[in-house]
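Notes to accompany the following structure.
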Amino acid sequence: MSTTPESLNQALHWRYATKRFDPSRSIPAETWASLEQALILAPSSFGLQPWKFLVVTSPEVRRALVPQSWGQTQPVESSQYVVFAAQTHVTVEYIDHFLARTVEVRGGSVEALAGYRGMMVNSLTSRSEAELTNWATHQVYIALGQFMAAAAVLGVDTCPMEGLVPSEYDKILGLVGTGYKTVVACAAGYRALDDKYASLAKVRFPASELIRNI
């Protein structure tokens, strides 16, 4: 791995919530494939991955999302636009699907994972839909953070977007009735030369106020 502490800090200082993207620039396929892997490899509670990542490529759909994004233009100006959706319920069938995949990747047997299965079933299937959605939403933000950090390291601009109407996104993206709900979106691409926010210094409290060593 070639990333150094210095280069990581430089990338994180370079990153900002890009307001204006250059619509003429596209993320190279190889770079985007790496960013998709950042999403796939994001950590989650129990490893269950209670999410969907919708990469919106249709110009028509992107235009439809703008009015539901408080009129912000990132959905149409960015190279890639990703909507992060959280799973609203976790069934026993989903848990078994995950365990089958675990055996497929790691070997062994489902029977050997009976204790792990019981722990997940007891922990998750007893929760209400609201509780599960809240849990899954927290997992989604872990994936969002990993995606944005990876993008910064690769020199790709991003803008996390909570300024949207989730219920309308769900309708436009066909999520209604699927067991998934829109949580947040993230535009990715390259900053426009006239984005005034690119040159602004980051405003952060000093480490002494934010980090406490115990």
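All of the numbers you see were taken from the coordinates with simple rules; none came from a lab. If you're wondering where the values come from, they're calculated on a predicted model, not measured in any experiment. All Cβ positions, even for glycine, are placed from backbone atoms using ideal geometry, and neighbour counts span all protein chains on display.
Compared with the dominant Cα axis of the chain, that is its longest principal axis, helix 5-14 is turned about 70°.
Angle of helix 92-106 to the longest C-alpha principal axis of the chain, folded into 0 to 90 degrees and rounded to 10: 80°.
Compactness check for region 115-214: Cα Rg over 2.2 N^0.38 Å is 1.47. Over region 84-169, Cα pairs under 8 Å with separation of 6+ residues give a relative contact order of 37 percent. What the Cα atoms of region 54-169 give is an Rg and a Dmax of 18.1, 52 Å. Pairs of Lys residues in the chain that lie 8 or more places apart, or on two chains, and have C-alpha atoms under 16 angstrom apart add up to 5. Using C-alpha pairs under 8 Å with a sequence gap of at least 6, the mean separation divided by the residue count of the chain gives a relative contact order of 35 percent. Taken over the chain, the percentage of Cα pairs per 10 Å bin, counting from 0 up to the bin with the maximum distance, is 8, 28, 32, 22, 10, 1. Legend: calculated FRET efficiency, ASP96 to GLU6, from the Cβ-Cβ distance at R0 = 41 Å, rounded to 0.05, equals 0.35. Karplus-derived 3J(HN,Hα) values for region 150-164, using 6.51 cos²θ - 1.76 cosθ + 1.60 with θ = phi - 60°, are 4, 4, 4, 4, 8, x, 9, 7, 9, 8, x, 10, 9, x, 8 Hz; glycine and proline are entered as x. Take the Cβ atoms of PHE46 and ALA149, set R0 to 30 Å, and the FRET efficiency comes out at 0.85. Between helix 114-124 and the chain there is an angle of about 60 degrees, using the helix long axis and the longest principal axis of the Cα atoms.
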